[in-house]
Amino acid sequence: MAAASLRSVNPTLPRTLPSPTRSPPFQSPFLRFAPTSTSFNLKPLVTPPAPSSSPFVTRSAAASPQERKTFHGLCYVVGDNIDTDQIIPAEFLTLVPSNPEEYQKLGSHALVGLPASYKDRFVEPGETKTKYSIIIGGENFGCGSSREHAPVCLGAAGAKAVVAQSYARIFFRNSVATGEIYPLDSEVRVCDECSTGDVATVELREGDSVLINHTTGKEYKLKAIGDAGPVIDAGGIFAYARKAGMIPSAAA
């Protein structure tokens, strides 16, 4: 009788459970190609070297240095804690970057949320491109809410690089993932020594990247961008994965 009572309180679970309902795959508006259901095998990002009796790696087997990249143009200087709402206000987040017309519109609104104390507009009214190719900031650039539109709008406007003392982690990651702009760290507070309209050059390569301010004649060492460089070079994480053979190409 006691055993029967226990079974009534704790009924035996069935041996087979129903299969969970599968949700449709999420399609990001930042993808530049239609999703595919083709199955494929993922390849490792780095192929492990073959076993060798020597503990040393020869120069030919080592990775080649990153190709030098040079960005030259005018600087646009901002201060600390430039948040994503200042970079691209929330009212413009309905614009879809994969649509060419809306991509251009995003560029026209880049940094439009800056306060009135910034007398120079990053993008002139009625224009879609900026005359400033290098943005120089202070600490915590790109803080605030996470939005891929922030680095996308800067790249759409024609900016090539941001040089800041530090970044919000999510802005840095979104810059790499979208491949729109190079987020470069300065070793000193460059924003206090440069002015909007200064002519500058960023020379980017492995180990010795620099910012040269031709207006003041000063040169600043930049921290190496590391493994993020090749991803940005390829045009973002999806382009890099296609190039590496990790996912099918857009034409597949």
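The values are calculated or read from the model by the stated rules, or taken from the named source; none is laboratory data. Being a predicted model, the structure only gives us computed values, none of them experimental. Here the Cβ is made from the backbone with ideal geometry for all residues, glycine too, and neighbour counts use every protein chain on show. With ligands, DNA and RNA removed, areas are computed over all heavy atoms of the protein, side chains included. Shrake-Rupley method; radii C 1.70, N 1.55, O 1.52, S 1.80 Å.
Please say if segment 69-225 is rounded, prolate or oblate, where rounded means a/c under 1.5 for a ≥ b ≥ c the square roots of the C-alpha gyration tensor eigenvalues, and otherwise the choice is prolate for a/b larger than b/c and oblate otherwise?
Note, shape of segment 69-225 comes out prolate.
Over segment 97-141, what is the relative contact order in percent, taking alpha-carbon pairs closer than 8 angstrom and at least six residues apart?
Relative contact order here is 30 percent.
Order these peptides, 172-181, 116-125, by their mean beta-carbon neighbour count within 10 angstrom, highest first.
My ranking of the peptides, most packed first, is 172-181, 116-125.
In whole percent, and with a 1.4 Å probe on the protein chains, what portion of the accessible area of segment 69-225 is carbon and sulfur?
Here carbon and sulfur together make up 45 percent of the probe-accessible area.
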